[in-house]
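Worksheet: the structure to be examined is printed underneath.
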Amino acid sequence: MTVQECLQILRDVKDVAFATVDEKGVPQVRIIDVMLVEEEKLYFCTARGKDFYRQLISSGRVAVTGLNREYQMVRVAGRVRKLPEQKTWIDRIFEENPSMKSVYPGESRYILEPFCLENGQVEFFDLGKSPIYRESMGFGMERTAQKGFVITDACIGCGECKRNCPQQCIEEGSPFAIRQENCLHCGLCLENCPVQAMERRGE
Ligand code: SF4
Ligand code: SF4
């Protein structure tokens with residue numbers, strides 16, 4: 001999968017969950033339309049009166065997730081930028097999404113502000129496959145963040161993790177190794193290793 005393909009899944013689903021954190025540090029989530037996806041950038045808009053708008057301006061961050069009919073989930077978390085040339089972008093968004101004209105008729109559309117999500121982390125998670133398949137990618141200015149677990153040289157080869165793994169994604173060897181693309185990140189291997197040979201990636 002590419003970043004563009006992942007963002008396009010969100011565009012195809014269109015109505016997806018956008019999460020922010022409010023001024024009290026409380027998570028907030030709502031359904032927002034993905035208005036446009038181009039060149040590894042995701043575009044959306046919201047009205048200046050909404051709490052969502054204030055939270056975007058205050059933190060500059062958002063997390064987005066959606067699931068399609070094939071049980072493919074895409075999750076994006078990153079930095080947003082309010083776009084200059086507001087009227088030009090809102091007109092473009094309305095051209096690409098004509099149903100917006102009935103929600104914000106005439107000049108009322110200009111209460112909306114356009115935003116671009118262009119730096120962050122994308123995660124693709126395919127629950128329609130067995131074993132599951134996942135991929136993580138940094139995009140824009142961000143490098144890919146490491147998640148899940150890795151088996152270190154402390155492994156004694158007992159096989160306990162492999163016997164317990166719900167996706168059977170641990171290969172024998174010295175040390176044993178996790179097929180990262182099939183891992184649920186459930187942590188069962190971590191809890192069952194008798195010599196603590198598992199480490200969280202990226203720590
Ligand atoms: S449970 Fe721990 S020691 Fe045993 S094979 Fe797995 S990683 Fe190695
Ligand atoms: S985290 Fe879960 S799915 Fe991944 S290797 Fe460990 S037991 Fe298997």
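The values are calculated or read from the model by the stated rules, or taken from the named source; none is laboratory data. The model shown is predicted, which means the values in this text are computed figures rather than measured ones. Reconstructed Cβ throughout: ideal geometry from the backbone, glycine too, with neighbour counts over all protein chains shown. What goes into the accessible areas is simple: the full protein's heavy atoms, side chains included, and nothing from ligands, DNA or RNA. Shrake-Rupley method; radii C 1.70, N 1.55, O 1.52, S 1.80 Å.
Numbers for the structure displayed
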{"read-out": "Matching residues in region 175-203 - criterion: being exposed (fewer than 13 other Cβ atoms within 10 Å of the Cβ) and within 9 Å of ligand 1 (Cβ to nearest atom)", "value": "Pro194, Val195, Gln196"}
{"read-out": "Residue in region 114-132 that is more than 30 Å from Thr46 (Cα to Cα), in a strand (DSSP E or B) and either modelled with pLDDT of 95 or more or within 13 Å of ligand 1 (Cβ to nearest atom) (or both) present", "value": "no"}
{"read-out": "Pair list, Cβ under 6 Å, 6 or more apart: region 161-182 residue touching a residue at least 24 places away in the same chain (Cβ under 8 Å), other residue more than 9 Å from ligand 1 (Cβ to nearest atom) and open to solvent by 50 Å² or more (accessible area, probe 1.4 Å)", "value": "Asn164/Leu188; Gln167/Leu184; Cys169/Arg179; Pro175/Asp153; Ala177/Glu171; Glu181/Tyr133"}
{"read-out": "Restricting region 25-35 to residues that are over 16 Å from the mean Cα position of the chain (by Cα) and open to solvent by less than 60 Å² (accessible area, probe 1.4 Å), the residue that is modelled with the highest pLDDT", "value": "Met35"}
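Every residue, every condition in (1) touching a Ser or Thr at 6+ places or on another chain (Cβ under 8 Å); (2) surrounded by 18 or more Cβ atoms within 10 Å (Cβ to Cβ); (3) not small (Gly, Ala, Ser), yes or no:
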residue: Gln72; (1), (2), (3): no, yes, yes
residue: Met100; (1), (2), (3): no, yes, yes
residue: Gly106; (1), (2), (3): no, no, no
residue: Glu113; (1), (2), (3): yes, yes, yes
residue: Leu127; (1), (2), (3): no, no, yes
residue: Arg134; (1), (2), (3): no, yes, yes
